1. What's the number of the only condition in (1) buried (at least 19 other Cβ atoms within 10 Å of the Cβ); (2) within 30 Å of Val391 (Cβ to Cβ); (3) out of contact with any Ser or Thr (no Cβ under 8 Å at 6 or more places or on another chain); (4) not polar (S, T, N, Q) that Ala313 fails to meet?
2. Against the definition (in contact (Cβ under 8 Å) with a residue 60 or more places away in the chain, surrounded by fewer than 23 Cβ atoms within 10 Å (Cβ to Cβ) and closer than 22 Å to Ile298 by Cα), how does Leu410 come out, yes or no?
3. Return the residue satisfying two criteria in turn: it lies in segment 358-390 and is of a type in the set (Val, Ile, Thr) and touching a residue at least 60 places away in the same chain (Cβ under 8 Å), and of such residues it is surrounded by the fewest Cβ atoms within 10 Å (Cβ to Cβ).
4. Surrounded by fewer than 17 Cβ atoms within 10 Å (Cβ to Cβ), under 24 Å from the mean Cα position of the chain (by Cα) and either on the phi > 0 side of the Ramachandran plot or not in a strand (DSSP E or B) (or both): is that true of Gln23 in this structure?
5. Of all the residues that make up segment 145-189, how many are surrounded by fewer than 16 Cβ atoms within 10 Å (Cβ to Cβ) and over 18 Å from Val112 (Cβ atoms)?
6. Which of the residues that make up segment 324-334 are modelled with pLDDT under 95 and either among the hydroxyl-bearing types (Ser, Thr, Tyr) or assigned to a loop (DSSP other than H, G, I, E, B) (or both)?
7. Could you list, in sequence order, all residues of segment 249-260 that are touching a Leu at 6+ places or on another chain (Cβ under 9 Å) and either surrounded by fewer than 20 Cβ atoms within 10 Å (Cβ to Cβ) or within 15 Å of Asp290 (Cα to Cα) (or both)?
8. Being within 16 Å of the chain's Cα centre (by Cα) and of a type in the set (Val, Ile, Thr) is the filter here, so list the residues in segment 381-417 that pass it.
Amino acid sequence: MGTDQSPTTIRVLDIQSDWQTTQDDAFWVSTTDRQLVFNPDCVHDAERIEAATQSPSVMHTVHKSHDPHGAQEAPMAVASQSRYSITIADKSKGDGSCVLMPFYTPHTQTPVHAQLYAVAASPNGNSLAIGGADGLFQVTQVHSQQSIQLPGHLSDVTDIKFFPSSVVALTGSTDFSLRIWSLQSFTCGAVLTGHRSAVQGIGILGRGRNVVSCASDSLVKVWHCGSGKSFREWALPATPTCLAVLEDLPSDLTSGERLASLDVEHETEGKLLVVGTEQNCFGLDVRMADIALTLPCISPASACAAVNSDAGAPMVLVGAENGGLYTYDLRNSAAPLHVVSRSSSAVHAINCASNGTAWIATGDGSCSRWEGLWAIPRVTGELVGPVYDAVNDVCESKHGIATVSRDGVLRSYSLTE
């Protein structure tokens, strides 16, 4: 995918998924110009936001063979190609501009023979974990490529998080439970029960003596790992779909009565839980009984991420069922900074960095690298993945990018040859 430098549109490119193996010399690339809506009112501008997810595409034919003269004249041409990537030069706007857009193919594809919903890399990069249907939880040691499946969950594993130590992992499942795992002994150390429906999102506070979860029972819970009990919960007005933890929340961004600290409570000060739901996205200060913030969306939230920017601003990204991507600065949370989309397919996962770069996976099988999300967003890379199946999660480590999808394949990418 590529970008338009205009502040009101973003150019998106798609490529024929089997471009490497086509029988003839040509393959197709499509372009779509997506609307970028700044500072929208999610009530009065609902039609504009919805229209931003619906734009026509234009098909182009690109030839593999390198013709220097033809490449200069063609609206689309191959700028460079290697074993695992191809870069397209897009001159189709006709205004003299040229956008170079790389597409990356997997270095490895590992079939797991189950639908996959979650992937996470340990902070030290030594372990990669995946979760999927029927209780699948598998951990791979990256250097040796040895994998082990850890039984315990009775149904789908929906989310995985590593503790900062990299040797303990947390999982959530549609069996209503969370589990804490030792990745040294490869055993389950604790089972956290109390939800009455599927766990949709999980998070770790600080070093991990407390963890958090949200579930389809409309509850958000804070747990003490040592006792396996929850000690705080919120009942939301809509069903939760995803959860992210924002560290170091400025104290002046939330107001209201603060709860007394409990003996089982550790590193909860300054923590905000961002919870996407079927209506809006909510911010929960872990030390407050009431909802602290409401982030408006016009479509049900399907993924979220929270991070402090390099400039220290508390930022939240929310992906929606209609493909919309909302960016919020919590210092002014009444409306998003902007809304844009890659397509009308649901956003399934967001992996975001403090510099405003994110990998965003969607239901149409794409996984795109976005940059400039704190100002004017643009797409600067695309992972070539499944043709028809949703990419359900994406993670990044020092070894590269990993995605999991509905087709049961773990795909690993390196952006350097």
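The values are calculated or read from the model by the stated rules, or taken from the named source; none is laboratory data. Since the structure is predicted, the reported quantities are computational estimates derived from the model, not experimental observations. When we count neighbours, we look across all protein chains shown, and the Cβ atoms used for this are built from the backbone with ideal geometry, even at glycine.
1. With respect to (1) buried (at least 19 other Cβ atoms within 10 Å of the Cβ); (2) within 30 Å of Val391 (Cβ to Cβ); (3) out of contact with any Ser or Thr (no Cβ under 8 Å at 6 or more places or on another chain); (4) not polar (S, T, N, Q), Ala313 is out only on (1).
2. no
3. Of everything passing the filter in segment 358-390, Val387 is surrounded by the fewest Cβ atoms within 10 Å (Cβ to Cβ).
4. Considered against the rule, which asks whether it is surrounded by fewer than 17 Cβ atoms within 10 Å (Cβ to Cβ), under 24 Å from the mean Cα position of the chain (by Cα) and either on the phi > 0 side of the Ramachandran plot or not in a strand (DSSP E or B) (or both), Gln23 comes out as no.
5. Residues meeting the conditions: 9.
6. Ser333, Ala334
7. Matches in segment 249-260: Pro250, Leu253, Thr254.
8. Residues satisfying the conditions are Val391, Val394, Ile401, Thr403, Val404.
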